[in-house]
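Undergrad: Take a look at this one; I'll ask things after.
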Amino acid sequence: MWKIFRFMRRRDRGYVILCLLLVAGQVWVDLTMPDFMSDITRLIVTPGSAMSAIWTAGAKMLGCALGSALLSVVVGYFAAKLASNFSYTIREHVFHQVTDYGAEEIKKFSTASLITRTTNDITQIQMFVAMGLQVMIKAPIMAVWAVLKIVGKNWQLSLVTAGAVIIIMSVILVLMRLVLPKFRIVQKQIDDVNRVTRENLTGLRIVRAFNAESFQEAKFEEANQNLMATQLYTSRHLAVLMPVISLVMSGLSLAIYWLGAAMVNGIPISSLTAIGDRVQLFSEVVVFSSYAVYVIMSFMMLVMIFMMLPRAQVSAARIEEVLGAGIRVREGKGAEGTEKGSLSFSHVSFRYADASEDCLQDISFDVRPGETVAIIGATGSGKSTLVSLAARLFDPISGRILLDGKPITDYTFGQLYEKIGFIAQKAVLFSGSVEENLTFGDAGHSVSEEDWKKALWIAGAADFVEKLPGEEGARIAQGGTNLSGGQKQRLAMARAIARKPEILIFDDSFSALDYRTDKEVRSRLSSDLKGVTCLIVAQRIGTIRHADRIIVLDEGRTVGIGTHEELMKHCEVYREIAVSQLSQSELEAG
């Protein structure tokens with residue numbers, strides 16, 4: 001767990017030292033009060049004591065109490081400030097780490113788990129730091145200081161106090177052994193609740209369309225019941241702690257006073273000296289009782305930490321997994337291409353981390369500047385994986401990819417994505433206005449109003465944007481849920497086009513468009529974006545038949561490269577796709 005504290009900033013470490021000093025001062029003030037109580041007790045039972053002396057001792061004791069309260073408030077303030085700063089720092093590191101993740105790392109943790117780790121797990125750490133800094137520092141200092149105050153004063157009373165401490169420690173150790181494994185399960189079950197809730201919200205239309213409300217409710221009920229059962233188990237076991245400690249504390253006070261009374265009663269009243277011994281012993285018993293209570297209070301405070309520590313340990317381990325995860329796709333140191341808009345695959349193979357065989361095998365082809373190259377094939381043939389490699393969402397396990405004549409791994413991510421405009425298969429929009437989505441990110445240059453308005457026209461989105469309330473200032477909901485699939489896809493295309501990249505990659509982006517819009521967009525791309533290289537993944541022959549070259553994939557292998565006419569003559573796989581989609585007249589027209 002303590003590895004995570006390496007991210008604490010230097011200023012926050014100063015707060016830790018300050019809190020340590022303040023807590024030490026608070027403990028010193030607290031443990032000074034029993035001495036004044038002893039003085040007051042002795043003065044009260046001693047004949048002829050001046051009332052002013054009693055008032056003076058009482059005033060000092062009251063001053064210590066007020067000083068302790070003030071120090072406690074100050075420590076609480078700095079502890080809360082430190083906890084907030086630390087959670088901010090950790091959340092920042094986790095967010096930046098996840099932002100650097102590739103698709104492979106995201107898949108490893110799952111979105112639901114990453115959300116829980118960024119929110120709930122960090123909150124557990126924050127609560128532990130806020131409480132722990134006050135209690136974890138104070139408890140051992142108070143326990144050791146109180147023991148030093150009473151050690152050697154009376155072996156009988158010391159033995160009783162030691163017995164009480166042993167009982168409390170035994171109960172704590174047994175309970176921690178029982179509940180610690182369950183805390184690990186709790187965080188995973190929170191992931192499950194988060195996952196089911198997120199699935200239900202994301203797929204709400206599908207759930208209703210298939211009358212699956214009861215099915216989803218049953219899934220949530222199961223996840224919720226599992227979480228509740230585990231939390232009840234831990235809560236019931238930890239609920240034993242406070243009653244046990246209260247019982248031990250009360251029993252310890254009773255035992256100290258009972259033994260003290262027996263020892264005081266054992267001193268015979270035969271002289272003034274004996275009376276003085278009785279008074280002295282009685283005051284020592286009172287002070288011993290106070291210090292013994294402080295010892296038990298120290299363990300009570302530690303119990304609070306022990307109740308939070310297991311869950312904080314699990315949360316810290318989960319956060320450390322995110323921060324310590326290896327990232328496969330690392331940016332290069334920077335490169336300058338010798339060409340503009342070229343792409344080359346040389347004997348490229350790729351396999352997903354959890355797969356038993358390659359999904360792409362020995363892929364080789366070249367895309368020349370300004371050329372339009374299409375990729376087609378059956379579902380699962382590796383089309384999207386191929387263009388993901390071109391956009392460097394993954395790295396191949398063998399072979400190499402050249403961009404503008406340089407290895408793609410040499411470019412920084414900033415350089416790479418200034419050159420590449422990527423339109424994903426599933427359009428993703430962000431909450432904000434249309435304009436904010438079109439100018440999203442850093443294109444290496446400012447995206448002017450002229451640029452994004454032209455991009456809207458090329459992508460066939462200008463007509464429907466003009467009809468929106470507020471036009472380009474219209475608000476888009478998170479994920480673009482207030483737009484249709486085709487509208488989202490056209491805005492995603494316009495966003496990529498507005499960046500003026502050298503290479504545009506369309507990952508089956510035309511599938512959400514009707515045939516008329518598809519044809520218009522492709523016509524504008526060829527006429528208004530001359531010199532821009534296009535790499536198009538498509539399912540429809542009509543979308544790609546006029547491409548400069550078409551690459552046909554089958555089960556991860558290249559089975560044909562050429563124009564539509566060439567592939568119709570020489571590639572059986574392509575011909576089967578064409579026959580299944582085109583009419584006889586279209587086939588004869590070529």
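The values are calculated or read from the model by the stated rules, or taken from the named source; none is laboratory data. Keep in mind the model is a prediction, meaning the values are calculated, not measured. So basically every Cβ, Gly included, is an ideal-geometry build from the backbone, and we count neighbours across all protein chains shown.
Undergrad: So if I check each of Ala69, Ala57, Ala79, Ala112, which one is crowded, with 16+ Cβ neighbours inside 10 Å, free of Cβ contacts under 8 Å to residues at least 24 places away in the same chain and farther than 15 Å from Ala316 by Cβ? Quick ask: steps written out before the conclusion?
TA: Details: Ala69 fails: crowded, with 16+ Cβ neighbours inside 10 Å; Ala79 fails: free of Cβ contacts under 8 Å to residues at least 24 places away in the same chain; Ala112 fails: free of Cβ contacts under 8 Å to residues at least 24 places away in the same chain.
Going through Ala69, Ala57, Ala79, Ala112 in turn, the sole match is Ala57.
Undergrad: Check region 440-450 and report whether any residue there is over 25 Å from Arg522 (Cβ atoms), touching an Asp or Glu at 6+ places or on another chain (Cβ under 7 Å) and surrounded by fewer than 19 Cβ atoms within 10 Å (Cβ to Cβ).
TA: yes
Undergrad: Would you tally the residues in region 478-536 being among the aromatic types (Phe, Trp, Tyr) and under 22 Å from Glu418 (Cα atoms)?
TA: First pass over region 478-536, keeping only residues among the aromatic types (Phe, Trp, Tyr): 506, 510, 515.
In the following step, the residues that additionally are under 22 Å from Glu418 (Cα atoms) were identified as 506.
Result for region 478-536: 1.
Undergrad: Residues that are of a type in the set (S, T, N, Q) and modelled with pLDDT of 85 or more: does region 50-68 have at least one? It would help to see each step written out before you state the result.
TA: Step one: filter region 50-68 for residues of a type in the set (S, T, N, Q), giving 52, 56, 68.
Within this subset, residues satisfying the condition of being modelled with pLDDT of 85 or more are none.
No, region 50-68 contains no residue that is of a type in the set (S, T, N, Q) and modelled with pLDDT of 85 or more.
Residue-wise test of (1) basic (Lys, Arg); (2) modelled with pLDDT under 80; (3) more than 30 Å from Phe215 (Cβ to Cβ); (4) surrounded by 19 or more Cβ atoms within 10 Å (Cβ to Cβ).
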| residue | (1), (2), (3), (4) |
| --- | --- |
| Leu157 | no, yes, yes, yes |
| Ile166 | no, no, yes, no |
| Val171 | no, no, yes, no |
| Val174 | no, no, yes, no |
| Leu178 | no, no, yes, no |
| Asp192 | no, no, no, yes |
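Undergrad: Scan Glu450, Glu435 and give me the residue that is free of Cβ contacts under 8 Å to residues at least 12 places away in the same chain and assigned to a helix (DSSP H, G or I).
TA: Values: Glu435 fails: free of Cβ contacts under 8 Å to residues at least 12 places away in the same chain.
Going through Glu450, Glu435 in turn, just one is free of Cβ contacts under 8 Å to residues at least 12 places away in the same chain and assigned to a helix (DSSP H, G or I): Glu450.
Undergrad: Are any residues in region 236-249 surrounded by 12 or more Cβ atoms within 10 Å (Cβ to Cβ) and not aliphatic (A, V, I, L, M), and if so, which ones?
TA: Those that are surrounded by 12 or more Cβ atoms within 10 Å (Cβ to Cβ) and not aliphatic (A, V, I, L, M): His237, Ser246.
Undergrad: If you don't mind, there's one more thing I want to ask. State whether the residues of region 335-343 include one that is modelled with pLDDT of 90 or more and among the hydrophobic types (A, V, I, L, M, F, W, C).
TA: The answer is yes, given that some residue of region 335-343 is modelled with pLDDT of 90 or more and among the hydrophobic types (A, V, I, L, M, F, W, C).
Undergrad: So, one more: What helices (runs of 4 or more DSSP H) lie completely within region 475-590 and have 2 or more residues being within 40 Å of the chain's Cα centre (by Cα) and within 24 Å of Glu339 (Cβ to Cβ)? If you could, list the steps in order and put the result at the bottom.
TA: Values: elements: 485-498, 515-528, 541-544, 564-570, 572-581, 584-589.
Ranges flagged: 485-498.
Undergrad: So which of Gly421, Gly441, Gly460 is closer than 21 Å to Gly480 by Cβ and either part of a strand (DSSP E or B) or of a type in the set (Lys, Arg) (or both)?
TA: Numbers: Gly441 fails: either part of a strand (DSSP E or B) or of a type in the set (Lys, Arg) (or both); Gly460 fails: either part of a strand (DSSP E or B) or of a type in the set (Lys, Arg) (or both).
The unique qualifying residue is Gly421.
Undergrad: Could you pull out every one of the helices (runs of 4 or more DSSP H) wholly within region 161-269 that has 3 or more residues that are of a type outside the set (A, V, I, L, M) and under 21 Å from Thr111 (Cα atoms)?
TA: Details: elements: 204-209, 213-238, 241-265.
The helices (runs of 4 or more DSSP H) meeting that bar are 213-238.
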